[in-house]
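Asker: Below: one structure in structure tokens.
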Amino acid sequence: MKTTINLPDGLVEQAKQRAAERGCTFTTLIAEGLLLVLQQAAPATRTPLPTWGQKGDLVLVDIEDREAVWQALDGDGWK
């Protein structure tokens with residue numbers, strides 16, 4: 001997609017020089033930089049789930065371990 005953006009002259013000159021040094025186009029350099037910024041801005045607010053053991057009446061299971069999940073669902077430990 002084509003778009004127009006306004007950038008400071010000095011920034012554009014530095015970016016063009018860096019693109020030439022890397023052997024890529026100015027557009028490629030801008031796209032790679034924008035991707036990096038967007039990846040860093042991704043929210044990382046998830047709280048990890050407990051994956052083993054038992055806490056009170058809860059059976060904690062590693063959900064990536066299929067056998068452990070079935071044991072928790074079918075065994076005596078499920079409450």
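Asker: Testing the spin-label approximation: label points 7 Å from Cα along Cα→Cβ at E21 and D74. State their distance in nm.
Answerer: Label-label distance for E21 and D74, simple model: 6.1 nm.
Asker: Moving on to the next point. Could you compute the FRET efficiency for V12 and R46, with r as their C-beta to C-beta distance and R0 at 30 Å, rounded to 0.05?
Answerer: 0.20
Asker: Using 0.36 nm per residue of separation minus the Cα-Cα distance, give me the extension gain between L34 and E67 in nm, one decimal.
Answerer: 7.7 nm
We did not get these values from a lab; they are worked out from the coordinates using the rules stated. Note that the structure is a prediction, hence the values are computed from the model and not measured. No Cβ is skipped: glycine too gets one built from the backbone with ideal geometry, and neighbour counts run over all protein chains shown.
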